[in-house]
Every structure is written in C-alpha cells, then in structure tokens.
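Q: Below are the structure tokens for one structure; questions will follow.
The values are calculated or read from the model by the stated rules, or taken from the named source; none is laboratory data. In this text, all values refer to a predicted model and were calculated from it rather than measured experimentally. Cβ sites come from the backbone with ideal geometry, for glycine too, and all protein chains shown count toward neighbours.
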Amino acid sequence: MKKQLYCVLVSCVVLMVSACQHIPREEYIDFLKVSDTTYLGVSQLTDSLEVPWDLQFNPTTKSIFFTEIKGQISELNLATNKRTIIYTVPHVFQKRSMGLLGLALHPDFDKKPYLYVCYTIKDGEHYFSELAKLRYVEGKIVESKVLLKIGGALGHNGSRLLFDKERLLYWATGDAHSNTNSQDSTNLNGKVLRMTDEGLIPSDNPISNSYVYAWGFRNIQGMAMTSKGHLMTSEHGDAIEDEINLVKPLHNYGWKEIEGFHDTDAEKEIARHSSRTEPIKAWTPVIAPAAISYYGSQAIPEWSNSLLLTTLKNQSFRVLKLDAEQQVIADEKVYFKNHYGRIRAVTIDDTGNIYIATSNRDWNPQNGFPQKGDDRILKLAVIDFVPKEFLMAYEPENKKISDGKVLYQSYCASCHKNDGKGVRNSFPPLIQTPTITDAHKLVTVLLKGLKGKNVINGEEYDEEMPAFGFLSDADVATIATYIRTHFGNNLGSIDSAMVKDIRMTTHK
C-alpha cells in the first residue's frame, strides 16, 4: 500500500513538473491570467516568418511542422527551438490568400511518415487547388505525390486538412468565388471532402463514388475533431455570420442561399423546402475566424473540452467551451485582442502546451502591424508562479453600436483601415474618390456591394465588397456620413430617408 501511494505521489510530481515550464522569467514576453489558480507564460519560439498558415505538432518527432504561404515547409525542434526548412513545394502560386495553405500529418507517422498539404497553382489563366502527399525521411521530404486537383480562384480556396480516428483524411475546400459551386453536390468546391490516406474514395462515403461528405460552405478556414469524434469547422461569412459548424455527413450548410442562422423569411422558406443545417455559433460583426483545435488536456483545466479559435479581423485567441456532448458552445472567452495582431494557426502538444502563429505579414495587415519580428510562433504554457503583471480575458467596451466610428470599425476598417487609406490593389481608399463624393453612389455600393475591377486614382482594385443591405437605413446613413466627414473628406451628411429611397429604388 505504501509503495502504491509513493508511486501515485511520484506520478503527480512528474505531471506537475511537466505542466509547469521552467523557463527563466525574463524570457517570457507576456503572461496570461486564466483564473486565480492558473497563469500562462507566453514565450517566442521563432520569428521573422513569411505568413505561417498551418501548424501541426508531431508526437513522434516531438516537433512542430508548419507551412508558410509562399511554399516552404519547416520543422521546429521543440527542444532547441531550431527551425529547419525541409521542403519547398514547387509551382505554388502565391497572391493574397492564395499559396501553400493547410497541413496534416499521418496519425501513424512512425510507420507512415507522410505530410499532406494543399496549395494553389496557376495553369495558364486558370487557378487550381492541389492536395499532395509528401514522404518525410530523416528531416527531409524525399517524395511528393499529387492526390487530388480541384478548381481554384483568386480567393475562397479554403482550406484545412484533418485525419479522423479511422485514418480517413478530410479536406475543407472554399467555394472558389462561385455562386453555384457550394450547392452543386457534384462539384468539389465549397465542400468537406473525405478520402483515404492514398486519396481514394472510401466505400462508406455518404454519396457513392464521390469525395463529398458535406456541402454548402463558403470558405472554411479551420477544422478540428473533438474527443467524441465530432467534426467542427470555422468559416468566413460575407459581411455577416462568421460560423462554427458541426459537420455531419450529407448535411447542407446553406451557402450561398442561406448565410448563418435561418433568421430571415427568405432563409426560413428555403430551409422549409430543402433541408439546411444551421451553425452552432455565428458572429456579426464578423471576426474572420481562422484555425481551430480541440483542447482536451487537463494542463489548463479551465479550457479542457473547448475549441481553441484564432481570428484575423478581430485579432484574437478565443476559447469556446463545449457542453458535455460537444455539440453546443456553452461559453466564449476572448484573449489577446489586438495584442499580437492577426492570429491564423494553432496546435497543441501532448502535454497540453498551446502554440499559435501570427499572420501580420499577409496581404491585409491591420492597424499597427506588422511589427518587428513578425510573423512569429508563440508558446502558451502553465507557469508555477503568479506574475506581477498579466493579460486577462477581453472585456468588450460598452459602446453604442449606432455610433459612426464603432459601425465603421465593425464593418469597414478591417479592409479600408482606420485611416481610410485601404490596401493598394485590393481595397480602395475612401479619400475624395468619385464614389465617396457622390452620395447616391456611396449608399448604393453600401447596400448592394461591389464586384469586378475598378480603377481609382490610376490604381486597379478587384477585391469583392460585400453588401451591407442587412443594416438598417439609419446605420447605413451613419456609416456613409462618417466616411464623408472623416479621412480628410469634408462632404455633406446622409440621412436615413435618402437611404430608404435608394434602397426601394435599387430593389425594384
């Protein structure tokens, strides 16, 4: 009995030592308070990266593999923090959100040392997304095989990769900027695809002789499997309704006919005649969700049984607590808002430490970023002391959403920026342009959105602008007035009566 008790005590000590990181205090860049009993230290493992897109911890090698958008795959040794480039994927086409994207490791890596990656290529004037299987031997990729090739576009290519417990591979694809792909079950865009580790169609797929597992998606940016085997995805909405979806076989998640919850008469009517599945969580204003990972460890007990979510527009790290059945998000905590900038990737090691990657050198940097050292991989680990200063969960400010500045920052600033200068060749400036000076045209664009190429001040812009017709007449008027009276514009205000009149005219 004494011997058994001794073994239990030794085991507890070992667990405590492994959970608490013995890094010199001065080497932490930040501390985070989770609760009165749990504090995390944030340390930097590597920096000056070129938009890391996906991170995956490998328990076999005790290292992290990660992709960078321009085509490089690296391995990060967690014992030494040494980063080694192991492969550059050939023919990757990189522009804006296109490039080398998702990564998955074979779950039997010791016997099947394979990495799976998806990326964009260009063939003539056409874009494609490829899924490739890479063989890893002694720190290098020695063999590459393309398993599947599907249509691509200048955006909305997805995409994440994931293995389930049966060793089947899932590939989440974007709709490739198409109005019809997502609802076409014979098309592989806007889908979650399911295949074997050799890229073959499993015999038990829900549609015979098809990769399609579920459909009706816009642009999935994260995918995770819970301990109970529930497949979860995070997805970019248009101007509203960023989503977390519980993905089930043969389910249709609505896009483009339905966005987010079924909360309009038109959406309810569509769902009544043709089955659609609602998300388990949605955000308006949008937060641009990126990677998600299921946290089942007890190392951070407050976060156990949660989805860890990274975001781009909202520049935060979120903990989405699940219910006992892992089908409902019961609580949400927001951390690091605007602190590290855009956060795109997350992974968890076998002791419960968390790793995140920033994405501040990408095509749409937010205010104040990139900073020196971006992009970075950061580690979050439990510490055994209480720091004097620490970050905490974000508490939203009590600002009226009807305020012009708040509305602009909620719906416009992530693209057109806080100073209205936009992003060259992507999002046009809002300073004395023909659209801004023409009140009728500005309101029409806000209500209807904008597609195609536009030339402003000699520069070409082709990024699609979503429609904000879901906003009230008063809110559209407030946003338009804010734009016309800021950023050096000295133009007249717009009232809700004008918006109402233009709305009625444009809907005829």
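Q: Mind checking whether some residue in the stretch 459-477 is within 14 Å of residue 420 (Cβ to Cβ), surrounded by 17 or more Cβ atoms within 10 Å (Cβ to Cβ) and among the small types (Gly, Ala, Ser)?
A: The answer is no; no qualifying residue exists.
Q: Identify, by number, the condition in (1) within 17 Å of residue 67 (Cβ to Cβ); (2) of a type in the set (S, T, N, Q); (3) at pLDDT 95 or above that residue 159 doesn't meet.
A: Result: residue 159 fails condition (3) only.
Q: Further question: Could you figure out which of (1) among the basic types (Lys, Arg); (2) assigned to a loop (DSSP other than H, G, I, E, B); (3) over 27 Å from residue 454 (Cβ atoms) isn't true of residue 361?
A: (3)
Listed here are the residues, each with its yes/no results for (1) outside the structural domain of residue 489 (by TED's automatic domain parsing); (2) touching a strand residue (DSSP E or B) at 6+ places or on another chain (Cβ under 8 Å); (3) part of a helix (DSSP H, G or I); (4) touching a residue at least 60 places away in the same chain (Cβ under 8 Å).
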site: 414; (1), (2), (3), (4): no, no, yes, yes
site: 418; (1), (2), (3), (4): no, no, no, no
site: 441; (1), (2), (3), (4): no, no, yes, no
site: 444; (1), (2), (3), (4): no, no, yes, yes
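Q: Just one of 51, 42 is β-branched (Val, Ile, Thr) and either in contact with a Cys (Cβ under 8 Å, 6 or more places away or on another chain) or closer than 27 Å to residue 121 by Cα (or both); which is it?
A: Going through 51, 42 in turn, the sole match is 51.
Q: Hey, another quick one. Among the residues of the stretch 346-394, how many are closer than 19 Å to residue 101 by Cβ and β-branched (Val, Ile, Thr)?
A: Result for the stretch 346-394: 5.
Q: Which is touching a residue at least 60 places away in the same chain (Cβ under 8 Å), under 23 Å from residue 360 (Cα atoms) and surrounded by fewer than 22 Cβ atoms within 10 Å (Cβ to Cβ), of 96, 160, 167, 83?
A: Residue meeting the stated conditions: 96.
Q: Between residues in the stretch 32-43 that are in the same structural domain as residue 304 (by TED's automatic domain parsing) and residues that are at pLDDT 95 or above and of a type in the set (Ser, Thr, Tyr), which pairs lie under 9 Å by C-beta distance while being six or more apart or on different chains?
A: Taking only residues 6 or more apart or on different chains, the pairs are 32/39; 32/335; 33/39; 34/335; 41/28; 42/28; 42/340; 43/28.
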